[in-house]
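Structure first, commentary second.
All of the numbers you see were taken from the coordinates with simple rules; none came from a lab. Please read all numbers here as calculations on a predicted model, not as lab measurements. So basically every Cβ, Gly included, is an ideal-geometry build from the backbone, and we count neighbours across all protein chains shown.
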Amino acid sequence: MLTIKGDLIRLALKGEFDVIVHGCNCLHAMDAGIAKAIAAEFPDALVADQQTEYGARSKLGTISTAPVTRGSTSFVIVNAYTQFQWQGRGRMADYDAITRCFEEIARRFPTARIGYPLIGAGLAGGDWTEIAPRIDKALKGLDHRLVVLPRD
């Protein structure tokens, strides 16, 4: 897994990625973390999420998508349903759902340049050492990058 420093949204807007992925819950809440920034910058990503069934556990491991075009730059935002809910303590990230989401991304976007943050390892409380190998395996042979914000 190649890692770069930067802002995933800004890099996508500069044309660095064809697909950007972020983790979502199954309750249509994009009120924190990168999901909040994505919903604010790209309302169509929130609309795509809201068009899925509210509170359906069956969404875990699936994705919804929103195409974005800004000027001459186009890419797809993937809402990856990697956790059921967002409230409470402890780990919210569902490791098997993360695996299934990235397997689906690999199937649907095999030639894309894919960017993603530390999905499941931030507010969702997952262990990146458990998550990273799952993403690497699912996206093996594809052009993908982990994007981390630089520390000041």
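Details
- Its Kirkwood hydrodynamic radius, worked out from the mean inverse distance over all distinct Cα pairs, puts the chain at 15.1 Å.
- Simple rule: put +1 on each Lys or Arg Cβ and -1 on each Asp or Glu Cβ in segment 2-148, find the dipole, and look at GLY33, ALA80, ALA106; the Cα lying farthest toward the positive end is ALA106.
- Within the straight-line cut-off of under 18 Å between alpha carbons, the lysines reachable from LYS5 are LYS14, sequence neighbours fewer than 8 places apart in one chain being disregarded.
- 3J(HN,Hα) from dihedral phi, segment 9-18, Karplus parametrisation 6.51/-1.76/1.60, rounded to Hz, x for glycine, proline: 5, 5, 5, 5, 5, 7, x, 6, 10, 8
- Extension gain (nm, one decimal) between ASP18 and ASP31, 0.36 nm per residue minus Cα-Cα: 2.2 nm
- Largest GNM mean-square fluctuation among VAL21, VAL78, VAL47, using the chain with Cα springs under 10 Å: VAL47.
- Calculated FRET efficiency, GLU104 to THR73, Cβ-Cβ distance, R0 = 22 Å: about 0.35 to the nearest 0.05.
- Residue order, fewest to most surrounding Cβ atoms within 10 angstrom, among MET1, MET92, MET30: MET1, MET92, MET30
- Helix content alone sets the calculated 222 nm mean residue ellipticity of the chain: runs of n ≥ 4 DSSP H residues at -39500 (n - 2.57) each, divided across all residues, give -9000 deg cm²/dmol.
- Here is the list for segment 102-152: trypsin sites (Lys or Arg not before Pro) lying in DSSP coil, each with at most 14 other C-beta atoms within 10 angstrom of its C-beta, are LYS140, ARG151.
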